[in-house]
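A short worksheet on the structure shown next.
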Amino acid sequence: MSDPTDQTDQTGRLGPADPLLERAARLATAHLRTVADRPVLGTASVADLRHALGGPLPAVGAPAEQVLDALVAGAAGGIVGSAGPRYFGFVTGGSLPPALAADWLASAWDQNVALGVMSPAAAVTEEVVGGWLADLLGVPPTASFGLVTGAQMANVVGLAAARHHVLAAAGVDVAEVGLAGAGPLRVIVGAERHTTVDVALRYLGIGRRQLVVVPADEAGRMLVDELAAVLGSEPSVPTIVCAQAGCVNTGASDPIGAISDAAHRVGAWVHVDGAFGLWAAASPRHRHLVDGHERADSWATDAHKWLNVPYDAGLVFVAHPEAHRAAMAMSAAYLVRGDEADALRDGSDWAPESSRRARAFAIWAALRSLGRDGVAELVARCCDLAAQAAEGLAAIDGVEVILPVELNQVLVRFAPDDDRHRRIHAAIQAEGTVWFGGTVWQGRPAARISISGWATTGDDIDALVDIVRRAASA
Ligand SMILES: *Cc1c(COP(=O)(O)O)cnc(C)c1O
């Protein structure tokens, strides 16, 4: 390098056109350009990765560009093509380019959203995306919100607010006496709830014995009559009901409006785990699937799934801001807030973390680039592609599409027996053009295909059907 100002100097200051960061951008772009053409699962063994990335920590550092190259070379074979168009595993969105670019800036700006005064721009951007998303997802505009890592932590926050609120209604200040001093608390969940609900409850001191499990129908929806029977007709113990928008296996949503009405009759709180399913509300064609969800009390969702924002980004909304704040807010004498700062949002009042990355910039960029119509179109397009996949797969001999597609999830089984299912699924995964994961549905192995990425097209679905057809006839 002839111009020393073009490099990271010894004090960590950057020159006017730092080649390291430009090189990183070029490498990232090259990855995204070619991700669709490479095997979806990495090709390196775990031993390869440990060898390339591990070993003892060197005593002496290395030049920055060399470090970057070593990371890229060492990680390459273990990078999963989840940013590409043919990854149908779990519920995984890619990254919309504007969201990714904004996320890069968020890292470069290195803003902390714990307190508004730490980054007025980040605080205001959070405020803006919270309002935009409440509007888009049909959550009451008066709801408070917090930006978290994902639906797991959104469930923690929503349920922490719920715990505070239902106990306060029974005259208990849980922040003061703790659960140990709080008396009984009952949580009602559906049989097909996501496992992160159980984890969230465990974090909050609520054990399996406090859970009442309500059975679900054939698509995984909580049965409202059974719920009503559990709730009874009189307010009794403080109660939280966990409903779901979007079952990971089937895409089906609980009847959230009816659940809310039944729960509210006896003073219970309704929390909705809507990691991806809540996004049905953003599409006029699909909104009916979460009908009445605005009557719930808290909502958890992800931005890194269907909004296609880079990891990690989730959101929680709470219809009772005082309970949300009481469960999360931070206060300490040294957190002096000046006049100007008073008008700014303190992110730490609404999320478990104190210091936290400015996730709002990427969400802002995704929403600003798509607009309301673009989000609706993205959601509807994924659902249409899921229907296309189901139709193509159902036409293949020995492939069973277990349920009609309701949203963006396709649940399949390779008939007739579990051994053949496992064999064919493994062959598809090994082939490497597409990837989708396994599950257990009604006691038997099945596979679930999730269409959540902005880059997936009809051609990718044709390729998926083609691969399955070849594997099924081999
Ligand atoms: C993905 C998912 C979660 C967990 O979300 P994370 O983003 O992994 O924290 C919770 N609930 C449902 C229904 C999900 O689909």
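Around the amide H of VAL212, modelled in the peptide plane, lie the amide H atoms of VAL187, ILE188, VAL189, all under 5 Å away and 5 or more residues distant in sequence or on another chain. Counting only whole DSSP H helices of the chain, the ones at least 24 Å long by C-alpha along their axis and with mean Kyte-Doolittle hydropathy no lower than -1.0 are 120-137, 151-169, 360-394.
In region 221-318, the inverse of the mean reciprocal separation of distinct Cα atoms equals 13.8 Å; this is its Kirkwood hydrodynamic radius. Stokes-Einstein, applied to the Kirkwood radius of the chain over Cα pairs at a viscosity of 1.002 mPa s and 20 °C, places its translational diffusion at 89 µm² s⁻¹.
Taking θ as phi - 60° and the Karplus parameters 6.51, -1.76 and 1.60, the scalar couplings of region 396-407 work out to 8, 4, x, 10, 10, 8, 5, 9, x, 6, 9, 9 Hz in sequence order, x denoting glycine and proline. For region 169-255, the set of GluC sites (Glu not before Pro) satisfying both a DSSP loop assignment and a count of at most 11 other C-beta atoms within 10 Å is given as GLU218.
Extending 7 Å from Cα along the Cβ direction at ASP384 and again at THR29 yields two label points whose distance is 3.1 nm.
Dividing the convex hull volume of the alpha-carbon atoms in region 337-417 by its residue count gives 165 Å³ per residue.
The peptide list 88-99, 369-380, put in order of mean Cβ contacts within 10 Å with the highest first, becomes 88-99, 369-380. Separation of region 226-241 from region 14-82 is 53 Å, based on Cα centroids. The residue list GLY374, VAL290, PRO416 was ranked by how far each Cα lies along the charge dipole of the chain toward its positive end, using unit charges on Cβ atoms, and PRO416 comes out on top.
For the pair LEU68 and VAL213, the difference between a 0.36 nm per residue extended length and the Cα-Cα distance amounts to 47.2 nm.
The value given for region 58-144 is a Kirkwood hydrodynamic radius of 17.0 Å, derived from the mean inverse Cα-Cα separation.
Give me the percent of the accessible area of region 99-200 that comes from carbon and sulfur atoms, probe 1.4 Å, all protein chains in place. Solvent-exposed carbon and sulfur of region 99-200 make up 60 percent of the total. Rounded to the nearest 10 square angstrom, ILE461 shows an accessible area of 0 square angstrom against a 1.4 Å probe. In this label model, VAL46 and ARG202 are separated by 2.1 nm, measuring between points 7 Å along each Cα→Cβ vector.
The values are calculated or read from the model by the stated rules, or taken from the named source; none is laboratory data. Since the model is a prediction, treat every value here as computed from it, not as a measurement. Cβ coordinates were reconstructed from backbone atoms using ideal geometry, including for glycine residues, and neighbour counts include every protein chain displayed. The area values use the complete protein model at the heavy-atom level, side chains included, leaving out ligands, DNA and RNA. Shrake-Rupley method; radii C 1.70, N 1.55, O 1.52, S 1.80 Å.
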